[in-house]
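Heads up, the thing below is written out as structure tokens.
The values are calculated or read from the model by the stated rules, or taken from the named source; none is laboratory data. Keep in mind that what you see is a predicted model, and the values were worked out from it rather than measured. Heads up, the Cβs are rebuilt from the backbone with ideal geometry, glycines too, and the neighbour counts pull from every protein chain shown.
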Amino acid sequence: MAKIQEMTQLSPTMEEGTIVKWLKKEGDSVSPGDIIAEVETDKAVMEMEAFETGVILKILHTEGAKLKVGQALAVIGKPGEDVSTLLAGIPQKNASAPSQTKVDTPQANKAETQTTKPSVSEPTATAGQPTETKTSMNSVTGLVGVTGVTGVNLTNRGGLRVLASPLAKSIAIEQGIDLHTVIGTGPEGRITKKDVLDTLNKGSGVSHFASKTITRADEVVTLNGMRKTIAKRLTESKQNLPHFYLNVDVNAKAMESFRLELSEFQKHLDEELQVKVSLNDIIVKATAAALKLHPKVNASFQGDSILQFGRVDVGIAVSLDGGLLTPVIRNADGKSILEISREVKELAKRARERKLKPEEFSNGTFTISNLGMYGISRFTAIINEPESGILAVGSVEDKPVVENGAVVAGRVLSLTLSCDHRVIDGAVGAEFLRTLKSLLEQPNLLAAVI
């Protein structure tokens, strides 16, 4: 008997999914576990598995359709099986069609969009005939107000467009010519390229105030599921959590030397065991060790109580096209720097490929966000609920420092801790940062707190 394949919940917070790509087509045989489609959730693009054995008899929705969890996706059954009764029982409005973004924009924006096309649509009215179209002040500016060309108007006085060829309009905009001053010699008084050039050569109709700067057209970008979730969750975090921030500068010379020592040490290992350790890998290890020593920071607000986690699971923010994910290093306090380095690289790679499983980017206890590779000196990050802290890591910079009473060239790393004041008091956060600073400036101490 044929069965309905539903949109299943692919992540703990998923409420709906968008079909990105069908990997199977009608008539293909499938078995439980076969990947039939790629679905975008609120977190990532994930793979949808078949749950029945048989043939895909009917695909109910095209790529781009958005379905709620539990809604019918496809029908799987025996070859040639009649599924008309089954299909009749499926609600007609089962999913939203692929997004057709419709934005109510002023006439100016519509006209501007047309500048990217070979031609500009013409009105049905002819020159000199009034229309009953109600035109806003924005629409009266036509192409000009949007493109940044002042003094040029492609709309006749009284609300009518000038009849002109696309090329003539383009030249008029570029040269700052008011088409109202151009006499058209084409059919029905249509202005041609020659008419505009003749006007230009005569020197009449040119606006002395016209700017020849043409800006790109406005673009409306529809939010994907990941961006919607980021917007919703971070807005809630910023509104609901009383954030406060603590900064500390770290002398990074010892970290950099330690990283070189690790690189030298690995030359004696088998090639498949070697890994290029980054400063961020050392920071992850040191942060995990500091969290183990300061459990009040490794905690979560629970309404009328505070949960102090027994595990130290550190999330690493990874930038993606269209959003970000935070793959989690489980039990980071119990792993070596080399193990952390391998795991971070593998998780980051699969995050960018959108191949992470939900359990690999959820339920962390603390997060690290590093923008140092972009040359950012210092920044503050928004806490990832239900966690109570996030560490913002800046770049290592050359700065003067005092050593043994003398000013010398130093290598300085800036760290900023964002805290949920419901859980972490200022002194608690300061003690955590002091420990972290000590571990980073003396990385050999990490062996003492594993």
Mind checking which residues of segment 439-450 are surrounded by fewer than 21 Cβ atoms within 10 Å (Cβ to Cβ) and in contact with a strand residue (DSSP E or B) (Cβ under 6 Å, 6 or more places away or on another chain)?
441
Within segment 315-352, tally of residues that are assigned to a helix (DSSP H, G or I), over 26 Å from residue 430 (Cα atoms) and of a type in the set (A, V, I, L, M):
5
Scanning segment 411-442 for residues that are part of a strand (DSSP E or B) and aliphatic (A, V, I, L, M) gives 412, 413, 415, 417
Please work out which residue is surrounded by the fewest Cβ atoms within 10 Å (Cβ to Cβ), limiting yourself to segment 413-438 and to residues that are closer than 16 Å to residue 255 by Cβ and in contact (Cβ under 8 Å) with a residue 60 or more places away in the chain.
437
Being more than 22 Å from the chain's Cα centre (by Cα), in a strand (DSSP E or B) and free of Cβ contacts under 8 Å to residues at least 60 places away in the same chain narrows it down to one of 312, 401, 407, 396, so name that one.
407
Would segment 423-432 turn up any residue that is modelled with pLDDT of 95 or more, farther than 19 Å from residue 284 by Cα and in contact with a Phe, Trp or Tyr (Cβ under 6 Å, 6 or more places away or on another chain)?
yes
In segment 66-113, which residues are out of contact with any helix residue (DSSP H, G or I) (no Cβ under 9 Å at 6 or more places or on another chain), among the basic types (Lys, Arg) and modelled with pLDDT under 85?
93, 102
If you check residue 372 against the conditions, is it farther than 18 Å from residue 290 by Cα and either of a type in the set (Ser, Thr, Tyr) or within 23 Å of the chain's Cα centre (by Cα) (or both)?
yes
The lone condition residue 241 fails out of (1) hydrophobic (A, V, I, L, M, F, W, C); (2) more than 25 Å from residue 348 (Cβ to Cβ); (3) surrounded by fewer than 17 Cβ atoms within 10 Å (Cβ to Cβ) is (3)
Considering each residue of segment 348-384, count those that are of a type in the set (A, V, I, L, M) and either crowded, with 21+ Cβ neighbours inside 10 Å or in contact with an Asp or Glu (Cβ under 6 Å, 6 or more places away or on another chain) (or both), and give that number.
5
Identify all residues within segment 144-181 that are farther than 17 Å from residue 194 by Cβ, at pLDDT 50 or above and of a type in the set (D, E, K, R); write none if there are none.
161, 178
Subset of segment 359-380 that is without any contact (Cβ under 8 Å) to a residue 60 or more places away in the chain and assigned to a loop (DSSP other than H, G, I, E, B) - its residue that is farthest from residue 248 (Cα to Cα)
363
Scanning segment 282-309 for residues that are surrounded by fewer than 24 Cβ atoms within 10 Å (Cβ to Cβ) and polar (S, T, N, Q), the one farthest from the chain's Cα centre (by Cα) turns out to be 305
Just name the residue that is farthest from the chain's Cα centre (by Cα) out of those in segment 1-56 that are buried (at least 16 other Cβ atoms within 10 Å of the Cβ) and among the polar types (S, T, N, Q).
5
